[in-house]
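Data block below; observations after.
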Amino acid sequence: MQNGEQERPEPVFKPTLKGKSGAVRVGRETKGRKGKGVTVITGLPLNTDEIKKLARQFKQKCGSGGTVRDGVIEIQGDHRDMLVELLTAMGWTAKRSGG
């Protein structure tokens with residue numbers, strides 16, 4: 001350090017997580033689906049391609065359809081318990097959200 005320059009720390013990768021606890025949230029929604037429920041997974045600090053690969057695995061495990069919208073995985077039907085177990089087994093901190 002010369003001439004009063006301050007040492008700058010190395011940039012540290014910190015994924016942006018939705019939610020205060022930093023956990024992956026698994027919930028159920030029916031809004032805009034004519035009463036049909038879907039399981040939504042939010043808060044995954046992954047890029048779009050990785051989220052799509054993960055969604056494909058979840059759809060196969062649940063035997064159900066689904067999609068990825070705006071970084072949120074949507075699986076048709078109520079599969080919250082199964083998905084929380086799968087995410088926990090993969091090393092994520094997963095929590096059920098909602099009722």
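Where a number appears in this text, it was derived from the coordinates with a stated rule and is not lab data. The shown structure was predicted, so the numbers you read here are calculated from the model rather than taken from an experiment. So basically every Cβ, Gly included, is an ideal-geometry build from the backbone, and we count neighbours across all protein chains shown.
In the stretch 24-96, with Lys and Arg counted as +1 and Asp and Glu as -1 at Cβ, which of these residues, Val68, Leu46, Gly91, has the Cα nearest the positive end of the dipole, that is, farthest along it? Highest projection toward the positive end goes to Val68.
The residues Met90, Met82, when put in order of fewest to most other Cβ atoms within 10 Å, stand as Met90, Met82. Here the simple spin-label model places points 7 Å from the Cα toward Cβ, and for Gln57 and Thr30 these points are separated by 3.1 nm. Give me the Kirkwood hydrodynamic radius of the stretch 24-96, using the inverse of the mean 1/r over all pairs of distinct Cα atoms, in Å to one decimal. Its Kirkwood hydrodynamic radius stands at 12.0 Å.
Remark: spin-label model distance Met90-Asp70 equals 2.1 nm, labels positioned 7 Å along the Cα→Cβ axis.
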